[in-house]
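Everything below concerns the one structure shown next.
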Amino acid sequence: MSTTTTATQTSATDGARNTGASETVRIPVSGMTCAACSARVQRALEKQPGVADANVNLMMKTATVHFDPRVVSAERLVSTIEATGYGAQLASPDQTAFEEQEARDRASAEEFTELRRKAIVSGVAGVVAMIVSMPLMAPGVSDMAGGHAHTGVVADPFMRWAMESLSPALRAVMPWLYAIPASVISWSLLLVTLGVMAWAGRHFYTRAWAAFRHHSADMNTLVAVGTGAAFVYSVLATVAPTFFTSRGVAPDVYYEAVIIIIALILTGNAFEARAKKQTASALRALVQLQPKTARVLRQDVDGREVEVDAPIETLEAGETVIVRPGERVPVDGVLLSGESAVDESMLTGESLPVAKRAGDAVIGGTINRTGAFHYRATTLGADSVLARIVQLMRDAQGSRAPIQKLADRISGIFVPVVLSLAIATFVVWYVAADTAPAVRAFAAAVAVLIIACPCAMGLAVPTAVMVSTGKGAELGVLIKGGEALQRAGDLGTIVLDKTGTVTEGRPTVTDFVPAPSSTMDAAQVLQLVASLETLSEHPLADAIVKHARDAGRTLSVPEAFESRTGRGAIGVVEGLALAVGNAQLMADYAVDVSPLSHDAERLAGDGKTPMYVAVDGALAAVIAVADPIKPSSREAIARFHALGLQVVMLTGDNRRTAEAVARAAGIDRVVAEVLPDGKVAEIERLQRTGQVVAMVGDGINDAPALAKADVGMAIGTGTDIAVEAGDVVLMRGDLRSAAQAVELSRRTMRTMKQNLFWAFIYNVIGIPIAAGVLYPAFGLLLSPILASAAMAFSSVSVVTNSLRLRHARIA
């Protein structure tokens, strides 16, 4: 097993639990092979004073710990992990998410190569050992030196079948093999088996010993006890055969079984390692999007600007980067000159190239399709969009889904229960068997130890989380963790913001109605309002500013500005006090809107948003802005209904406008004219009715509701605050992505439950059969060799089932 030797340490304020924890550290942990391993590390970390929360992920092989640095250090946490018998080491905190993933990929490749080599070599050794063992099991064959003839009782059903089927042919082809003294064969097998155990199977025994020293047990314990017991028994039969014959028991050896069991488990581990590597393919693909170099304009020794190919890590914000057709955009930036169409599908899921011109933003890692352009580099390194997506996915894949707790509870008692069952099996067989009771009891007990597989239960949930979050990233849906993934599958109601979510978020001014008593002309009012709105981030403000500039108005710099969330904006422009917003804002300043209320209602009834304008406390005009519904919104809402979801729209907009938009989009219910706290109150009200609620939004005013909802879905093209508050980020800004997230979540939950069912039922059925419950009725016994094969591939089947999510057709 390879060891990853990196770690990152970041600031964090969440996850603190009564200890004032303020830091988070991710520590790669090596040597974990099953759920019992990760549970042991997690328990040890959680017992440390100052640790608020610890999450150990078997798939990612990382421990994410929220801790109080005043009480415990990161180095102390590493020591705690090492004390449990596993490897851990801190590395440079400057390591990027790209470098961390690349290190993990190298470790995975090395792990697979090592396991495959050991599986092949031990497998070949196992086949040779089985052939060489045939004469030892043939009745009447005796040791010429010791004279101990085999009694003909072969406890292992598989070996008995092999002997009966192959011995005649083998005796005909290789008669010389049967002439070799049995003691020579036995001693030779002992040496070969010892070599295989010491080289290929060494980690089973060292890890089992480490677990024993820490008063614990895991998968390695079962393998080590099973194969170790068979080996010790065989050594005794080889060294002191008279001890057995004097008690009427044949001195049988099980060297070939030990080798084949190790080979089969290693083979299963190799397949499992390869399958697990595929679960991270989406994250690996994202990391590989990052170009290594960029073509930039820099001054040469003569002060002339020349094009230079520079390593990406040497770029600085503000430098001019040149991109030609077919090249990948190296870093984030803003176009200075040129036009092109950029393929952003790998980051947003948007299938069509996006047109770019001067002033537009480009994202590092995307592909420039048509034209060439110059752009100014903006965000670099860990702050870039690609790096943040990689980090978000890495954190999500390292998180745990709540359903994992079920597997943890079972895994916590699994190995001790299996060891007890193996002892009980031995006792029952020893007492009840009519012939060769010790041999039969021994074989059945070993089969129970070998077939029990805690690995499958440990992999059932995290593999599904990894594949699902990767699939989501391909669709442009970034899911921030296993908990959000699980909750999204339980949704009953989805709540939508209007502007920028259901509608385009790019409204245009459609009407301007001056107040009857106003003495100002329309152009002057528009110029004042547009000047004020230059400082607003709201899409309606952008529409007014754009309308004024398109009309050739020269805008002034506001002398004061204040955004009134859910109401509008106020400020001072050219010495005049302005208020622009809804009727509530006008009421706050005692402005009578009745002269224009009829016009405002008429405009709202047409699906437009009317905004009153007051200048120096007097009503001046009403401006109407229309925001068209996105073409994809109707289809998305139809999908929500098909998924059985109730669809609600929350908006600060006036009721008539909101209802007009809702009717056109097919939304079930509207809650209009609500402030951010009103949106939170509505979410809470829905939750009190027992609904699991998702909120989809994109603006600053949506952040509280996104945080309050069971699942917050933030439009990726919105503000950073909304994206940070969301559990799911929809990179395309398309409501259909929200439907895809729900569908993906439900499929993932089905896969998790299938995995847990099969992992559980495999052990429920396999262990009793291995113990011999079918023998009284059907004479059926399970060979330890076949048990090892079943154990090895049970984990592979779970990982393979999770990998099916990669090919799921999500509409």
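Data table
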item	result
With Cα atoms, 0 to 90° folded angle of helix 35-46 axis to the chain main axis	60 degrees
The chain, dipole about Cα centre (Lys/Arg Cβ +1, Asp/Glu Cβ -1), debye to the nearest 20	3280 debye
Unit charges at the beta carbon, dipole of the chain: most positive-side option, A621, G712, A317	G712
With 5 Å bins from 0: P(r) over the stretch 404-445, alpha-carbon pairs, percent	6, 25, 21, 13, 11, 10, 7, 6, 2, 0
Other-chain or far-sequence residues with amide H under 5 Å of D511's (modelled H)	A624
Unit Cα scatterers, Debye sum, the stretch 255-404: log10 I(q)/I(0) for q = 0.12, 0.15, 0.19 Å⁻¹	-0.61, -0.81, -1.12
In degrees, nearest ten, helix 784-803 long axis to first principal axis of the chain (Cα)	10 degrees
Residue-averaged [θ]222 nm for the chain, counting only DSSP H segments that reach four residues, each worth -39500 (n - 2.57)	-16500 deg cm²/dmol
Förster-model FRET efficiency, 25 Å R0, H214 and A424, C-beta, rounded to 0.05	0.50
Heavy-atom accessible area ranking, 1.4 Å probe, most first, across D592, D434	D434, D592
Virtual paramagnetic centre 7 Å along Cα→Cβ of E601, amide N under 20 Å, in the stretch 645-665	653-663
Mean Cβ neighbour count within 10 Å, used as a protection proxy, ranking 23-29, 554-560 highest first	23-29, 554-560
Rg(Cα) / (2.2 N^0.38 Å) computed for the stretch 271-355, rounded to two decimals	1.42
Farthest positive-ward along the chain dipole, Cα basis, beta-carbon charges - from Q397, L115, Q288	L115
FRET efficiency, R409 to D434 (Cβ-Cβ, R0 51 Å, nearest 0.05)	0.80
Length added when fully stretched, R376-A618, from 0.36 nm per residue minus Cα-Cα	82.6 nm
Selection from N654, A638, S597, by position along the positive dipole direction of the stretch 589-655 (Cβ)	A638
29 Å Cα-Cα reach of K61 towards lysines, excluding residues that sit fewer than 8 places from it in its own chain	K47, K118, K276, K277, K292, K405, K471, K480, K753
From the C-alpha gyration tensor of the stretch 168-252, square roots of 5λ in Å	31, 17, 10
Per-residue SASA entry for V615, accessible area with 1.4 Å probe, Å² rounded to 10	10 Å²
Cα→Cβ-extended label distance, 7 Å offset, between E82 and R298, nm	4.1 nm
Lys, Arg +1 and Asp, Glu -1 on Cβ, resulting dipole of the stretch 213-322 about Cα centre, debye, nearest 20	680 debye
In nm, spacing of pseudo-spin labels at V124 and S517 (7 Å Cα→C-beta vector)	9.9 nm
Solvent-accessible area, 1.4 Å probe, carbon plus sulfur percent, for the stretch 478-551	47 percent
The chain, relative contact order in percent, only Cα pairs under 8 angstrom and at least six apart counted	13 percent
Ranked by how many other beta carbons lie within 10 Å on average, peptides 727-734, 239-246 from highest	727-734, 239-246
Cα centre as origin, Lys/Arg/Asp/Glu Cβ charges: the stretch 478-524 dipole, Debye	180 debye
Length added when fully stretched, L236-E99, from 0.36 nm per residue minus Cα-Cα	44.2 nm
The stretch 338-425, relative contact order in percent, only Cα pairs under 8 angstrom and at least six apart counted	23 percent
Crossing angle, helix 182-199 versus the chain [Cα axis fit, 0-90 degrees, rounded to tens]	20 degrees
The stretch 31-99, relative contact order [Cα under 8 Å, separation at least 6], %	28 percent
Gain on full stretching of the segment that runs from S594 to K47 - 0.36 nm per residue minus C-alpha separation	190.3 nm
Relative packing of 300-307, 521-528, 655-662, which averages over residues the other C-beta atoms within 10 Å, highest first	655-662, 521-528, 300-307
Inter-label distance, nm, simple model (7 Å from Cα along the C-beta direction), T113/T800	2.6 nm
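The values are calculated or read from the model by the stated rules, or taken from the named source; none is laboratory data. If you're wondering where the values come from, they're calculated on a predicted model, not measured in any experiment. Because the Cβ atoms are built from the backbone with ideal geometry, glycine has one as well, and the counts that use them run over all protein chains shown. Side chains included, ligands, DNA and RNA excluded: accessible areas come from the protein's heavy atoms. Shrake-Rupley method; radii C 1.70, N 1.55, O 1.52, S 1.80 Å.
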